[in-house]
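The values are calculated or read from the model by the stated rules, or taken from the named source; none is laboratory data. All values derive from a computational prediction rather than experimental measurement. Positions of Cβ are backbone-derived with ideal geometry, glycine not excepted, and every protein chain shown enters the neighbour counts. SASA here: full protein model, heavy atoms, side chains in, ligands and nucleic acids out. Shrake-Rupley method; radii C 1.70, N 1.55, O 1.52, S 1.80 Å.
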Amino acid sequence: MNQPSKPEPVSSAAILEASRREKLQAIRRLGHDPWGSRFDDHQPIGDIRRRENELREEPVPDQPGKTVVRGPAVRAAGRIILRRPSGKLHWLQIRDWTGTIQVMIGKAQVGDDNWELAQQFDLGDVVGVDGQLIRTRTGELTIAAEKLTFLTKSLETPPEKHHGLSDPELRQRLRYLDLIYTEGVWERFLRRTKIVHSIRSTLAARGFVEVEGPTLHAIAGGAAARPFITHHNALDIDLYLRIALELHLKRLLVGGVERVYELGRVYRNEGISPRHNPEFTMLEVYQAYGDYRSMMDLTEELIVAAIEATGQPLQLPWGDTTIDFTPPFARKTYDELFAEHTGVAPGDAEAVARFARSIGLEPAGKHPDVVKSEVFEAKVEDALRGPVFVCDYPASICPLTKRKAADPTVAERFELFINGMEVANAYTELNDPDLQEELFSKQLEGLTEEDSMARMDRDFIRALRHGMPPAGGLGIGIDRLVMLLTNSQSIRDVILFPLLRPE
């Protein structure tokens, strides 16, 4: 005889969702739209809290000697992040993007219909409140509700207060919940917005114009990086998501746009780490009749103004240390720092090769400057606390950079390092079309088709032949800068939606 099968156990999540859906229907039965509508003239909670100075002590009618602290009429909208029913009072904490505030709902004050509506509230619901600003006996600033408006029902149960969003990957994947329930996350991204706004304002004040270049390129150029490849069906050609902004902005210098910049996304089909995301935000700036020293001054100005725009001091915490952004930033040469951190004379190729082998690098078959660059990356960069401008790189590894007139083996280039991270890169731009073509040709030798610069951008060379004025150019990694100015140890913490593996 067949035994009857046991019913599948119902999960706690399913039970909680069923309860929320029952409340959804109850809200409808009460005559309210559970998905809300316009709620005009509500005030940001931050602004409401700033009206605290309008509170006044008033006598309680029919209770001689007793007073209550009351203030102005206010209207707020926010998400319920705390809910505490207590007899004939119902306490809420609601949050909008400017702050949180307590709401007191009393049956006598809101009436039977609104009181019944309040019984259907869940954590995560979005509600509107009209009432009076008061201070409770415990001293907490509170809205004493007089009218409630239901704005949106949350059908999902929010994460537990102490355990729900402790996993960093879960926080990045469910960023919407991270913003609601993790302290300080929205403030960090708001600070990022202020930094970007400050950069645009500083550049505008100095006469730079912002442009938008193409994100799909027929040739991937302007940097040494592996691109993402896509296909255009109508033209039947492969295209590349841009790996840099440089070459199109320089075309605009040729066209007479003397101070120009773009602040936008670039894409590199490379690794993911606390300092790298395949999709990131880049600022590139070009100034006709400037050079890399002009770009140093501009970089300092941009960073200091960004810090001031966030309301922070110039001495900022970074993990267990402090970074002092007080200008002027230190300026040291590449060779000076190489010798300081390796103990090897940078001009002695044999000594550099021996040192490379001693730290596990293989110099065989490589140009001496490439070996020196690999040693610099391995032993010097991580040791640079900064902020420090590392100036005057070997010319052979800088194909887009002008050489020093007194020493053509040295390129007029700097990189800004802060706590071991490269944050900015700048050149005195190479504008000799014949030399640029020669350097591109050398760089392309031996590269396979999958490498980013396996084809020369001949239209860029043609543009240079029409005459690009001497210029300084600057690139700043915005995500890394925001990391440093918000004390964030991972680039994923300053990108709203970093790239993640599919669930």
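Data for the structure
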item	result
Neighbour cut-off at most 14 other Cβ (10 Å), DSSP loop, GluC sites (Glu not before Pro), segment 170-248	183, 212
Residue-averaged 222 nm ellipticity for the chain, from DSSP H runs of 4+ at -39500 (n - 2.57), nearest 500	-9000 deg cm²/dmol
Cut-off 12 Å (backbone N to label point 7 Å along Cα→Cβ of residue 324), residues of segment 385-403	386-387
Selection from 484, 290, 124, by position along the positive dipole direction of the chain (Cβ)	124
Global geometry of the chain, whether rounded, prolate or oblate, following the gyration tensor of its Cα atoms and the 1.5 cut on a/c	prolate
Among the listed pairs 379/442; 379/402; 366/442, those beyond 22 Å (Cα-Cα)	379/442; 379/402
Cross-link reach list, aspartates and glutamates versus residue 332, counting only Cα pairs under 12 Å and skipping chain neighbours closer than eight places	340, 392, 415
Separation in nanometres of the label points that stand 7 Å from Cα toward Cβ, at residue 187 and residue 156	2.5
Accessible area, probe 1.4 Å, largest first, for residues 42, 466	466, 42
Mean accessible surface per residue for segment 1-111, computed with a 1.4 Å probe while every protein chain stays in place, in Å²	70
Calculated FRET efficiency for the pair residue 500/residue 57, C-beta based, R₀ 41 Å, to 0.05	0.15
Separation of alpha-carbon centers, segment 189-262 and segment 85-140, rounded to whole Å	49
For residue 17, net neighbour charge (Lys/Arg +1, Asp/Glu -1) across residues whose Cβ lies under 12 Å away	+1
Partner lysines for residue 153 [C-alpha distance under 28 Å; skip if fewer than 8 residues away on the same chain]	23, 88, 107, 161
Å² of accessible area per residue within segment 299-451, as computed with a 1.4 Å probe and no ligands counted	46
Fully extended contour minus Cα-Cα distance, from residue 364 to residue 276, at 0.36 nm per residue	28.8 nm
Shape call, segment 185-322: gyration tensor on alpha carbons, a/c limit 1.5	oblate
Of all accessible heavy-atom area on the chain, the percent that carbon and sulfur account for (1.4 Å)	50
